[in-house]
1. Quick one: how many residues across the stretch 85-125 are outside any helix (DSSP H, G or I) and not aliphatic (A, V, I, L, M)?
2. It is to be established whether one or more residues within the stretch 33-54 are loosely packed, with under 12 Cβ neighbours inside 10 Å, without any contact (Cβ under 8 Å) to a residue 40 or more places away in the chain and not small (Gly, Ala, Ser).
3. Can you name the number of the only condition in (1) among the small types (Gly, Ala, Ser); (2) surrounded by 15 or more Cβ atoms within 10 Å (Cβ to Cβ); (3) in a helix (DSSP H, G or I) that Ala82 fails?
4. Exactly one of these conditions fails for Lys3: (1) in a loop (DSSP other than H, G, I, E, B); (2) surrounded by 12 or more Cβ atoms within 10 Å (Cβ to Cβ). Give me its number.
5. Which condition number in (1) of a type outside the set (Lys, Arg); (2) exposed (fewer than 14 other Cβ atoms within 10 Å of the Cβ); (3) farther than 21 Å from Met100 by Cβ is the one that Ala15 fails?
Amino acid sequence: MAKLNIDQYVMAVAARLAHLTQTYAIIFFASIATMFAILAYASSSGLAARSALATIVVAITVYGVLATKSALDDLKAMLDDAVDDFSGSSFGAHLKQVPMALFTGASIILVLAMGVTQLWAIISA
């Protein structure tokens, strides 16, 4: 398959960055909603309600890990396949030095930490 031209490359990267941003927004606001439900209702609810809350938290965490890792892996692949006009510039050369594995790892750790903290709140309520 032929490499993308500069316009196609920029549009593809912008679309994947938008997906990553939307994923972070979904995780963040869903975690706020579940934390509110945990703090408001977990202490007075039964086992079934706590199980339902735990299932929601696990689903959000799994979605957060898979979606962010997928988007960051795609961005890394796009960076590796950068068009010559872009990768030949000093900005493109600088972007190729960005530690994407560190960002991916940090993102996964933070999403997992949010999920584990919420599960801990459910168990201890």
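What follows is calculated from the coordinates using simple rules that are stated; it is not laboratory data. Keep in mind that this is a model prediction, so the values were computed, not measured. Using ideal geometry, Cβ is built from the backbone for each residue, glycine included, and neighbour counts are taken over all protein chains shown.
1. 5
2. yes
3. (3) is the only condition that Ala82 fails.
4. If we test Lys3 against (1) in a loop (DSSP other than H, G, I, E, B); (2) surrounded by 12 or more Cβ atoms within 10 Å (Cβ to Cβ), just (2) comes out false.
5. (3)
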